[in-house]
Structure formats: C-alpha cells, structure tokens
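K.L.:
Structure provided below as structure tokens; questions to follow.
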Amino acid sequence: MTSPEDAFSRAEEEVARRRSAGGYAGAPGGALDSSLAAGEPSREQLAEWAVIEIDADEVLYSSRAGAPLTFFKRLLARLLRQYLVELEARQTRFNIALLTRLDRLEERMGADEEAPPDRVRDPGG
Amino acid sequence: MTAVHQVLSSAGPYDAVSVQGVLWRRLLRERGLGGGDYAASVDPRARTGFRLLKELRAEPGDLVVIRYSAYSSKLLPVLALPNPKLLVYHNVTPPRYLWNHHAGVAVACAVGRMQLPRFARAADLAVGDSDFNTAELREAGAPHARTLPILFDDARLAERGAPPASGAGPLVLVVSRLAPNKRHDLAIAAFAAWRAERAPDARLLVVGEPLSPSYRLQLEQIAADSGAGAAIAFAGGLSQPDLNAAYGAADVLLSMSEHEGFSVPLLEAFHFGVPVVARPSGAMPEVGGDAVLWDTGGDVAVTAELLELAVRDPGLREELARRGRARLEQFSYERTAAATLHAVEEALG
C-alpha cells in the first residue's frame, strides 16, 4: 500500500519511468499552462476591450426553454440597435480617451525615470 | 422577538453561499429566531427560500447577516442600516481569472474585492469561513475577524437521486462551478492523460453551473479536443439528491482549482468515502488536511498517476477514507452550529 504522504513522489517516479519508455506522450511536463490560465490584461488587450461592440449573436439563454427565449432576446437586441450603438459609441469614446491619457502618463513616468536625478521635476514645485 | 436577517448579493439553487443561507435559517428557526433571507438578485429556482433585497424591513435591534461573495450596489444601503451587522466572508474570486471570460462578473469581483474594507469596517463582527478567508478580512480592516467554518449538514447527503449514466470503467468526478479559477481545463487534461495511459474505460463527470453558456461551450470544446471527449459528460448543476448519487457512483473526486475559499465538495467526498486528488489551493489544505492526495506539482501526467493510485490501491483508499472521516469530525454540524449561534449572540450584543 502507498501512504498518502508517499503518493506524490511515487506518482512522479512512475511518470518518469513511463516517459523514459515513451509513455505520456500526449501530456508533456509543464502542461499546466493553458489558454484558460489567469493573468492581468495586457496593454493590447485593454485596447481591444476599449472598443465596445456587442454582437447580438452572443445573446444566449441556458434554460430548457432556451431556443425561443434566445430568438426573442436577439430580436429585441436588433430592434434596440440604434440605441445600443449610441451607448457603445459613448462608452468606447470614454475608454479610448482614458487609455490615451494612461499612455501619456506612462510615457511621462518613463521619461522621468530615465532622466538624470537633478533633472527630475520636483512635484512639490 | 429579535430577528436575524440574511443578505446575499445573489441567491441560486446550488451554490455554496445560498446553501449556507438555507442551513443558517433552519438553525436560527430551531433556536426561536425569526427573520428572512434576501438577495440583490434571486434565481427563479431559489425563490422559495429567498426574497428580493428591496423587501427587507429590519426592525431596530434585528441582526443583519451579510454574506459577502460578490459585489452588488444594492448591498450598500444595508451598510447604512442602524442594525447590528455580522459579516460572513465567503471570498470573492480574483478578477484576473475572469477578465477574458465574463466582463460583468469580472467587474463585480473586482469591485467586490475593492469594497471589502468598507463592509469589514461596517460590521460589528466579521467572520471568514476559513482561515484563508479570515486572513483577507483582517487585511481588509477587520483585525478581530475570526474563522467560523461553514455549516456542513450530512443529513442532506442521505437522499439518493438519479445515478449518472452507467459505465464499466472508473468514474472521476469534478464538482465545482464551471469557472476559469476552477481549472476544468487541467482536470480534463489530467483525465485524458490517465485514460490514454492507464484507464481506457475511465469516465469523467463534470458537475456544476457554468459561468456563462459560452464558457461551457469553451470547456466542451476543450473536452472534445482532449481525445477523451466521448468519455466526458457535463451534467450542469445537480440537485443535492442527484449529486449524492454521483458521489455514490464515483471512484475519485478531482479538483485542479487554483482558488478556493473553502470547498464543500471535499467534505462531501469524505462523507461518501470517495478519495480526493486536489491541488492545495487557498483554503483546500485546511479543509482536507492529511486526507487528500495533494497534487503539488505542475504536471498533468503526475495528476494522472495520482488518479491511478487513488482508484486502484485498495489500502490507500481505505486509509484516505479513514482520514476523511476524521476530518469530518472537525467540521461536525454540532460543533459548527454551536459556534454559529455564539457568533450570532455576540453580534447581537
């Protein structure tokens, strides 16, 4: 019998033995990284998200009576398209403006960090 | 008569926070305490137990229990009530897991974590349901927060519903909401590796409500691409009797979750004598203790070999079952019920 405390090392040994014999070919080591892994959004991702554009086809309903409800909700989204487009545009305008300001702020911080110490502006004046 | 009201950000039929609300209500009622249970949003399937938060009418002196697991702006007026407040922190999923998958839930979680200090400061007593959660509460501004484990009532596990589809091979069970932090992708990868290398007739049953329909589709695609798609079933959320039947049929419970505030399925698996293979994330080690095969590495092939040991080594299974029963004693209903009532009395002053 394997004790619970020994199980992990025994599993590792068995994997090493099997891999040396060509086993676990479809599960290379370090396979824990994947597309679902967590992470903070990158600058490129933020730029992508800044533009709000909702596709009515993304409207789904998960209950048993899903199909007719999904049809109705998509229809509603299309009927309200004019209103939704305006809403998307206003939110996108704000997002882009904010991102642009963030970029400028980062540029200024970068310039300040690179400047010689005596040339860094004193924020207190 | 003093009443104890419970307030949730959302109430559903299967989630652990709503179930805690139901169990607390039964306990409070047994002790002669009235009150109602409210949520900012109520799933139609939970309307028998919960009412909308706007219907809350707290009399002076009534205790308001705030179960905090996500942000809702509708919870903020509760903080302004003059009533004593008991904050129960169930943890809020870090938004980094959600940005790519559900913008709305990610925002609710991000704001939820930002607003936690406000709730912590407003509470007369703050408790976390694990030491892991209590540590976050203390950091958020509740220095005297303490741990009050969840109420685990094994009477709920007695009724057996419909068993999962039968099959000859060993059954791996995964029980958790389909959300990115639960890492079903890794569970599927480990299962597929085990099936390919060791157990060609093995089956995987995934139980849990999806974060969104599109996230479920994404996981189903991952299952199809794994090479083991035909052996993987997504059951969605199950009623407790049907879940009990699934535990009864399971050979092992697998959790690859990266972030857990408590993990009720560990205790459920212990109750059914089902061995557990899990990653030691968040509060998992303090719940599972020495009764779990902890997967401390980063290799799904090793996870697969842990599944092999958990399923095929009778002596190991027996030892894990024995340790599981011992862990259950730590979380016995009587013990936690007494601590719960003590916390309620303390918060009432």
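The values are calculated or read from the model by the stated rules, or taken from the named source; none is laboratory data. All values derive from a computational prediction rather than experimental measurement. All Cβ positions, even for glycine, are placed from backbone atoms using ideal geometry, and neighbour counts span all protein chains on display.
K.L.:
Looking only at the stretch B:325-336, which residues are in a helix (DSSP H, G or I) and within 18 Å of the chain's Cα centre (by Cα)?
P.N.:
So the first thing to find is which residues in the stretch B:325-336 are in a helix (DSSP H, G or I), and the list is B:325-330, B:333-336.
Once the filter is applied, which keeps residues that are in a helix (DSSP H, G or I) and within 18 Å of the chain's Cα centre (by Cα), the stretch B:325-336 yields B:Arg327, B:Leu328, B:Gln330, B:Tyr333, B:Thr336.
K.L.:
Just to be sure before I move on: is B:Val127 surrounded by fewer than 16 Cβ atoms within 10 Å (Cβ to Cβ), within 21 Å of the chain's Cα centre (by Cα) and not in a loop (DSSP other than H, G, I, E, B) in the structure I sent?
P.N.:
Details: surrounded by fewer than 16 Cβ atoms within 10 Å (Cβ to Cβ): no; within 21 Å of the chain's Cα centre (by Cα): yes; not in a loop (DSSP other than H, G, I, E, B): yes.
Against the criterion (surrounded by fewer than 16 Cβ atoms within 10 Å (Cβ to Cβ), within 21 Å of the chain's Cα centre (by Cα) and not in a loop (DSSP other than H, G, I, E, B)), B:Val127 does not qualify.
K.L.:
Tell me which residues, restricted to the stretch B:203-242, are in a loop (DSSP other than H, G, I, E, B) and closer than 14 Å to B:Phe191 by Cα. Can you show your working first?
P.N.:
The initial filter retains those residues of the stretch B:203-242 that are in a loop (DSSP other than H, G, I, E, B), namely B:208-209, B:211-212, B:226-228, B:237-239.
Scanning the stretch B:203-242 gives B:Ser226, B:Gly227, B:Ala228.
K.L.:
Name the single residue, out of those in the stretch B:34-46 being outside any strand (DSSP E or B) and buried (at least 20 other Cβ atoms within 10 Å of the Cβ), that is farthest from the chain's Cα centre (by Cα).
P.N.:
Within the stretch B:34-46, the first condition is being outside any strand (DSSP E or B), and the residues that meet it are B:35-36, B:43-46.
Pick out the ones that are also buried (at least 20 other Cβ atoms within 10 Å of the Cβ) and you get B:35, B:46.
Working: B:Gly35: 25, B:Ala46: 17 Å.
Once the filter is applied, the top-ranked residue is B:Gly35.
K.L.:
All but one of (1) surrounded by 18 or more Cβ atoms within 10 Å (Cβ to Cβ); (2) not assigned by TED's automatic domain parsing to the domain that holds B:Arg26 hold for B:Thr336; state the number of the condition that does not hold.
P.N.:
(2)
K.L.:
To continue, here is another question. Does A:Ala47 fit the bill of being at pLDDT 80 or above and at negative phi?
P.N.:
For A:Ala47, the condition - at pLDDT 80 or above and at negative phi - is met.
K.L.:
Of all residues in the stretch B:9-30, how many are over 23 Å from B:Gly236 (Cα atoms), buried (at least 21 other Cβ atoms within 10 Å of the Cβ) and in contact with a Ser or Thr (Cβ under 8 Å, 6 or more places away or on another chain)?
P.N.:
Residues that pass the stated criteria total 1.
K.L.:
Just give me the residues in the stretch A:50-68 being of a type in the set (Val, Ile, Thr) and either within 18 Å of B:Ile222 (Cβ to Cβ) or at pLDDT 75 or above (or both), in sequence order. Break it down stepwise before answering.
P.N.:
If we filter the stretch A:50-68 for residues that are of a type in the set (Val, Ile, Thr), which is where we start, we get A:51-52, A:54, A:59.
A:Val51, A:Ile52, A:Ile54 - these are the residues of the stretch A:50-68 that are of a type in the set (Val, Ile, Thr) and either within 18 Å of B:Ile222 (Cβ to Cβ) or at pLDDT 75 or above (or both).
K.L.:
Got a sec? Which of B:Ala245, B:Ala235, B:Ala231 is farther than 29 Å from B:Ser18 by Cβ and either surrounded by fewer than 20 Cβ atoms within 10 Å (Cβ to Cβ) or more than 14 Å from chain A (Cβ to nearest Cβ) (or both)?
P.N.:
On the way: B:Ala245 fails: farther than 29 Å from B:Ser18 by Cβ; B:Ala235 fails: farther than 29 Å from B:Ser18 by Cβ.
The unique qualifying residue is B:Ala231.
K.L.:
Out of the residues in the stretch B:107-124 meeting the condition of being under 22 Å from the mean Cα position of the chain (by Cα) and surrounded by fewer than 20 Cβ atoms within 10 Å (Cβ to Cβ), tell me which one is nearest to B:Val65 (Cα to Cα). Can you show your working first?
P.N.:
Here is the first cut: in the stretch B:107-124, the ones under 22 Å from the mean Cα position of the chain (by Cα) are B:107-116, B:119-120.
Checking the rest, the ones that are also surrounded by fewer than 20 Cβ atoms within 10 Å (Cβ to Cβ) come to B:107, B:110-111, B:113-115.
Values: B:Val107: 24, B:Ala110: 22, B:Val111: 20, B:Arg113: 18, B:Met114: 20, B:Gln115: 17 Å.
Across the stretch B:107-124, the extreme among qualifying residues is B:Gln115.
K.L.:
Further question: With the condition kept exactly as written, say whether any residue in the stretch B:131-150 is within 29 Å of B:Asp185 (Cβ to Cβ), part of a helix (DSSP H, G or I) and basic (Lys, Arg).
P.N.:
Step one: filter the stretch B:131-150 for residues within 29 Å of B:Asp185 (Cβ to Cβ), giving B:131-133, B:135-136, B:150.
Those left that are additionally part of a helix (DSSP H, G or I): B:131-133, B:135-136.
Narrowing further to those that are basic (Lys, Arg): none.
So far as the stretch B:131-150 goes, no, none of its residues is within 29 Å of B:Asp185 (Cβ to Cβ), part of a helix (DSSP H, G or I) and basic (Lys, Arg).
K.L.:
Regarding the stretch B:293-315, can at least one residue be identified that is surrounded by 18 or more Cβ atoms within 10 Å (Cβ to Cβ), among the aliphatic types (A, V, I, L, M), under 18 Å from the mean Cα position of the chain (by Cα) and outside any helix (DSSP H, G or I)?
P.N.:
No, there is no match, as no residue in the stretch B:293-315 is surrounded by 18 or more Cβ atoms within 10 Å (Cβ to Cβ), among the aliphatic types (A, V, I, L, M), under 18 Å from the mean Cα position of the chain (by Cα) and outside any helix (DSSP H, G or I).
K.L.:
Still on this structure, I have one more. Looking only at the stretch B:165-176, count how many residues are out of contact with any Asp or Glu (no Cβ under 8 Å at 6 or more places or on another chain) and surrounded by fewer than 20 Cβ atoms within 10 Å (Cβ to Cβ).
P.N.:
Qualifying residue count for the region: 2.
Here is a yes/no grid of residues against (1) within 26 Å of B:Asp313 (Cα to Cα); (2) among the charged types (D, E, K, R):
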{"site": "B:Ile188", "(1), (2)": "yes, no"}
{"site": "B:Ala199", "(1), (2)": "yes, no"}
{"site": "B:Leu217", "(1), (2)": "no, no"}
{"site": "B:Gly237", "(1), (2)": "no, no"}
{"site": "B:Asp242", "(1), (2)": "no, yes"}
{"site": "B:Tyr247", "(1), (2)": "yes, no"}
{"site": "B:Ala250", "(1), (2)": "yes, no"}
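K.L.:
Suppose we filter B:Ser176, B:Ser130, B:Ser166 for residues that are out of contact with any strand residue (DSSP E or B) (no Cβ under 9 Å at 6 or more places or on another chain) and within 30 Å of B:Ala304 (Cα to Cα); which single one remains?
P.N.:
Details: B:Ser176 fails: out of contact with any strand residue (DSSP E or B) (no Cβ under 9 Å at 6 or more places or on another chain); B:Ser130 fails: out of contact with any strand residue (DSSP E or B) (no Cβ under 9 Å at 6 or more places or on another chain).
The match here is B:Ser166.
K.L.:
A follow-up question, please. Kindly provide the set of residues from the stretch B:73-101 that are surrounded by fewer than 20 Cβ atoms within 10 Å (Cβ to Cβ), in a loop (DSSP other than H, G, I, E, B) and under 23 Å from the mean Cα position of the chain (by Cα), ordered by number.
P.N.:
Within the stretch B:73-101, B:Pro94, B:Asn100, B:His101 qualify.
K.L.:
Take the conditions modelled with pLDDT of 95 or more, surrounded by fewer than 21 Cβ atoms within 10 Å (Cβ to Cβ) and within 14 Å of chain A (Cβ to nearest Cβ) and apply them to B:Pro213. Does it pass? Walk me through how you get there before you give the answer.
P.N.:
Details: modelled with pLDDT of 95 or more: no; surrounded by fewer than 21 Cβ atoms within 10 Å (Cβ to Cβ): yes; within 14 Å of chain A (Cβ to nearest Cβ): yes.
No; evaluated as a whole, the condition is false for this residue.
K.L.:
Would you call B:Leu267 at pLDDT 95 or above, away from every other protein chain (no Cβ under 13 Å) and under 23 Å from B:Gly12 (Cα atoms)? Don't jump to the end; show me each part of the working.
P.N.:
On the way: at pLDDT 95 or above: yes; away from every other protein chain (no Cβ under 13 Å): yes; under 23 Å from B:Gly12 (Cα atoms): yes.
Considered against the rule, which asks whether it is at pLDDT 95 or above, away from every other protein chain (no Cβ under 13 Å) and under 23 Å from B:Gly12 (Cα atoms), B:Leu267 comes out as yes.
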